[in-house]
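The values are calculated or read from the model by the stated rules, or taken from the named source; none is laboratory data. Not measured: the values here are computed from a predicted model. Reconstructed Cβ throughout: ideal geometry from the backbone, glycine too, with neighbour counts over all protein chains shown.
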């Protein structure tokens with residue numbers, strides 16, 4: 001009886017562990033700062049108004065302009081280093097790629113000022129983020 005229980009429990013534990021690692025693996029850590037209006041013109045949509053839940057992405061996400069219109073979920077993570085600002089809540093935001101940030105060597109993305117200030121308790125600075133394509 002014990003052997004049958006072990007045969008059932010071990011695969012179940014391995015399956016549950018794989019679900020947890022898959023969920024965690026879906027999020028990518030990054031670094032973000034903000035940019036302020038005017039948000040137009042943008043590299044993706046010219047003078048079109050795309051609202052304020054928008055981002056400008058660095059080379060790592062730009063994908064030769066194929067990133068235009070991609071949607072990401074972005075979450076601020078509490079920082080341990082002094083240069084990073086603290087998060088203001090656990091809320092994540094859905095953002096859309098509308099622009100390219102060719103000078104963003106130190107950042108994964110620039111968030112619109114509205115999204116940035118909703119994620120953190122500062123108007124200027126740098127935050128650590130988790131993001132995933134949605």
query = Just for the range 23-70: of the residues that are free of Cβ contacts under 8 Å to residues at least 24 places away in the same chain and closer than 18 Å to residue 107 by Cα, which one is surrounded by the most Cβ atoms within 10 Å (Cβ to Cβ)?
reply = 63
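Show me the strands (runs of 3 or more DSSP E) entirely contained within the range 25-134 in which 3 or more residues are modelled with pLDDT under 95.
28-35, 71-77, 127-133
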